[in-house]
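Right, one structure below, let's go through it.
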Amino acid sequence: MKICIVGAGAIGGLLGAKLALAGEEVTLIARGAHLEAMQKNGLKLIEEDGSEHVAKNVKATSRIAEAGKQDVVILALKAHQVEPIAKEIPALFHDQTAVVTTQNGIPWWYFQKHGGEFEGRRVETVDPHGNLMASIEVERILGCVVYPAAEIVSPGVIKLIEGNRFPVGELDGSESERVKNITATFTKAGFKSPILKDIRAEIWLKLWGNLSFNPISALTHSTLVDICQFPLTRQLAADMMTEAQTIAHKLNIEFRVSLEKRIAGAEKVGKHKTSMLQDIEIGRAIEIDALVGAVIELGKLTNTPTPHIDAVYACVKLLAKTLGEEKGKLKIEKIS
């Protein structure tokens with residue numbers, strides 16, 4: 001199967017390496033030193049147990065148009081990085097090309113094949129100009145939720161921290177031949193990839209924690225366990241999650257775990273810096289809108305007040321604006 005990974009960072013690199021090692025024909029879209037290393041040496045993967053594997057049978061390029069037509073396109077960029085390149089993506093399509101989206105948060109396609117009063121509506125927060133909806137036909141799209149944690153430890157080298165689940169699903173909940181083929185391909189590569197009848201419910205389950213813990217951590221420079229064990233921030237996270245849960249319920253989403261269990265799960269992760277905090281510390285643009293802004297948009301659609309989410313969104317949005325204008329980063333350093 002010809003598979004293109006658009007955005008061969010930590011998660012994209014993990015997918016690309018394991019799919020290539022399983023014998024798939026993989027093309028990686030990347031840039032900079034990471035791209036150069038992959039072109040020269042292949043893509044190295046360090047597994048959880050420390051074992052190392054090098055996928056040398058990969059093609060790597062910075063130009064989407066050079067990749068050619070693909071059977072599957074995996075969008076592995078962060079949500080805010082996809083919209084700017086939307087018009088380039090169709091260069092990868094033939095008639096049957098499937099597009100697997102792996103972004104955190106509410107996707108632009110959320111209401112496509114959704115049913116109900118919002119059927120077909122674009123989520124404007126993540127697709128403000130309609131480029132994604134115009135460039136990627138809904139018939140091509142499958143949803144995917146990412147659970148592994150990985151990092152780029154050096155150019156061309158991906159380290160898997162933990163996890164191997166990539167559940168996938170058709171937007172209409174059907175069990176099509178193509179979703180069966182994709183989950184079989186992921187499974188062959190060593191991932192757990194169940195087919196879900198309601199991919200949106202799984203998106204909400206992951207988002208439930210991300211929309212609260214990520215921005216709170218970015219604002220307070222605290223880890224998950226710190227947030228959960230400090231009564232004021234634990235309550236703030238719970239209030240934000242309660243507002244989100246109300247929105248989800250109005251959209252016919254049921255959560256398979258309780259709010260307290262979801263918070264307890266985050267607490268058990270321990271001294272872990274969220275991805276948003278890591279981005280703030282290194283001066284990288286953060287994915288605020290898909291994780292937080294889009295939830296506010298859905299709140300307005302469903303006439304659901306979101307005062308706690310609104311307040312945190314305003315603060316982290318201003319922080320991101322300030323860091324962007326100053327081309328800066330923000331990290332706590334110990335006083336010597």
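The values are calculated or read from the model by the stated rules, or taken from the named source; none is laboratory data. Quick caveat, the model's predicted, so the values are computed rather than measured. Every residue, glycine as well, gets a Cβ built from its backbone with ideal geometry; the counts of neighbours run over all protein chains shown.
For this structure, a couple of remarks:
- Looking across the range 74-95, the residues that are in contact (Cβ under 8 Å) with a residue 60 or more places away in the chain, surrounded by fewer than 24 Cβ atoms within 10 Å (Cβ to Cβ) and over 14 Å from Met133 (Cα atoms) come down to Leu77, Lys78, His80, Gln81, Leu92.
- Lone unmet requirement of (1) farther than 30 Å from Thr302 by Cα; (2) aliphatic (A, V, I, L, M); (3) assigned to a loop (DSSP other than H, G, I, E, B) for Val126: (1)
- Within the range 120-143, residues that are in the same structural domain as Ile182 (by TED's automatic domain parsing) and without any contact (Cβ under 8 Å) to a residue 40 or more places away in the chain reach partners that are of a type in the set (Gly, Ala, Ser) and exposed (fewer than 14 other Cβ atoms within 10 Å of the Cβ) with beta carbons closer than 9 Å, at six or more positions or on different chains, in the pairs Arg122/Gly130; Val138/Gly120.
- Residue pairs meeting the criteria (Cβ under 6 Å; at least 6 apart or on separate chains; first assigned by TED's automatic domain parsing to the domain that holds Leu19, in the range 31-50; second of a type in the set (S, T, N, Q) and buried (at least 17 other Cβ atoms within 10 Å of the Cβ)): none
- Some residue of the range 290-306 being surrounded by fewer than 17 Cβ atoms within 10 Å (Cβ to Cβ), without any contact (Cβ under 8 Å) to a residue 24 or more places away in the chain and hydrophobic (A, V, I, L, M, F, W, C): no
- Of all residues in the range 39-50, those satisfying the criterion of being surrounded by 13 or more Cβ atoms within 10 Å (Cβ to Cβ) and either more than 23 Å from Gly163 (Cβ to Cβ) or touching a Pro at 6+ places or on another chain (Cβ under 8 Å) (or both) are Gln39, Asn41, Gly42.
- Contacts under 6 angstrom Cβ, first residue in the range 219-235 being among the basic types (Lys, Arg), partner modelled with pLDDT of 95 or more, 6 or more apart: Arg234/Cys228
- Helices (runs of 4 or more DSSP H) contained entirely in the range 219-281, each with at least 3 residues that are under 20 Å from the mean Cα position of the chain (by Cα), surrounded by fewer than 17 Cβ atoms within 10 Å (Cβ to Cβ) and outside the structural domain of Lys206 (by TED's automatic domain parsing): none
- Cβ-Cβ distances below 9 Å connect the following pairs, each with a first residue in the range 262-278 that is on the phi > 0 side of the Ramachandran plot, a second residue that is buried (at least 16 other Cβ atoms within 10 Å of the Cβ), and a separation of six or more residues or different chains: Gly270/Thr223; Gly270/Leu224.
- Flag for Arg284 being under 30 Å from Gly115 (Cβ atoms) and either at pLDDT below 95 or in contact with a strand residue (DSSP E or B) (Cβ under 6 Å, 6 or more places away or on another chain) (or both): no
- Residues of the range 64-109 that turn out to be basic (Lys, Arg) and not in a loop (DSSP other than H, G, I, E, B), as a count: 1
- Test set (1) touching a residue at least 12 places away in the same chain (Cβ under 8 Å); (2) part of a loop (DSSP other than H, G, I, E, B); (3) over 19 Å from the mean Cα position of the chain (by Cα) - Lys180 fails condition number: (2)
- Yes/no for Glu202 being under 23 Å from Glu24 (Cβ atoms) and among the acidic types (Asp, Glu): no
- Residues being among the small types (Gly, Ala, Ser) and either closer than 16 Å to Ala290 by Cα or at pLDDT 95 or above (or both) are represented in the range 103-114 by at least one member.
- Test: residue in the range 307-314 that is more than 22 Å from the chain's Cα centre (by Cα) and assigned to a loop (DSSP other than H, G, I, E, B): no
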